[in-house]
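First comes the structure, then the notes that go with it.
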């Protein structure tokens, strides 16, 4: 069966957040996965949607996929209408001191990166059915890469039909929509390539009681809680981003983390970034 997960992810991945974000993550023992339709940069979603439409048109033109043609066209139309409500993402970076990530805070708040042991975090998020994807940065080749990924998903559904018995068209469509929606956050425009981003993606239609909401600029962003357990998170280290009084910020973080049972190093950014 075709797999869309990257074979060799890094042993450590870093989540960029604020001081309050660090405190919330540590105190709750969990992470927030935000609805993909409310990602920070609307351009990245539009890029992925445009690429998906092109990829679907490329697939639909293949005679071997005639049986999927109407389903793919319907999928394209619904994606264009913004039907991505069941996709939630938690974003990470392969680098704990990344200039592109720090720039996202723009001096308004103090940025902090939390570095996790990736295998342990992936195991913790397994019960939430979170899949780790390496973000692919591309401009002209995105559609072809997405086309190949979609072809793999179609193959997977067909293979499941052979094993379990052919499912209804409605069930196959719901499965396809879920798979494609999960793929879209994997692709971003090449202009973001310095972010070196990884994403845990969760496909879920949460109950109203499972939804949380946070304010982000002029948006109210829906999110779900993932990885919630009573045991401590697999935090490897923490880094204070560019800002004023970094040493004082680092000392405060160290005291807070030790009080919560985390004996991990707290470092200061080496990036020469002027806010």
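The values are calculated or read from the model by the stated rules, or taken from the named source; none is laboratory data. Quick caveat: nothing in here was measured; it's all calculated off a predicted structure. Cβ sites come from the backbone with ideal geometry, for glycine too, and all protein chains shown count toward neighbours.
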*asked:* Criterion first (part of a strand (DSSP E or B) and modelled with pLDDT under 90) does residue 105 satisfy it?
replied: no
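Being surrounded by fewer than 17 Cβ atoms within 10 Å (Cβ to Cβ), touching a residue at least 24 places away in the same chain (Cβ under 8 Å) and under 16 Å from residue 96 (Cα atoms) is true for just one of 266, 271. Which residue is that?
Result: 271 is the single residue among 266, 271 that is surrounded by fewer than 17 Cβ atoms within 10 Å (Cβ to Cβ), touching a residue at least 24 places away in the same chain (Cβ under 8 Å) and under 16 Å from residue 96 (Cα atoms).
Suppose we filter 76, 61, 37 for residues that are closer than 26 Å to residue 173 by Cα and at pLDDT 70 or above; which single one remains? Full working, then the answer.
Working: 76 fails: at pLDDT 70 or above; 61 fails: at pLDDT 70 or above.
Among 76, 61, 37, only 37 is closer than 26 Å to residue 173 by Cα and at pLDDT 70 or above.
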Quick count over the range 222-246, residues being within 20 Å of residue 27 (Cβ to Cβ) and in a strand (DSSP E or B), is 10
Scanning the range 196-210 residue by residue, the ones that are surrounded by 13 or more Cβ atoms within 10 Å (Cβ to Cβ) and either touching a helix residue (DSSP H, G or I) at 6+ places or on another chain (Cβ under 6 Å) or on the phi < 0 side of the Ramachandran plot (or both) total 9
If we keep only residues of the range 237-261 that are in contact (Cβ under 8 Å) with a residue 60 or more places away in the chain, surrounded by fewer than 19 Cβ atoms within 10 Å (Cβ to Cβ) and in contact with a strand residue (DSSP E or B) (Cβ under 9 Å, 6 or more places away or on another chain), then the residue farthest from residue 13 (Cα to Cα) is 249
Might you check whether a residue that is touching a helix residue (DSSP H, G or I) at 6+ places or on another chain (Cβ under 7 Å) and either surrounded by 13 or more Cβ atoms within 10 Å (Cβ to Cβ) or modelled with pLDDT of 90 or more (or both) occurs anywhere in the range 116-127? no
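Conditions (1) more than 26 Å from the chain's Cα centre (by Cα); (2) within 15 Å of residue 111 (Cβ to Cβ), marked per residue:
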residue: 216; (1), (2): no, yes
residue: 222; (1), (2): no, no
residue: 228; (1), (2): no, no
residue: 234; (1), (2): no, no
residue: 251; (1), (2): yes, no
residue: 258; (1), (2): yes, no
residue: 264; (1), (2): no, no
residue: 267; (1), (2): no, yes
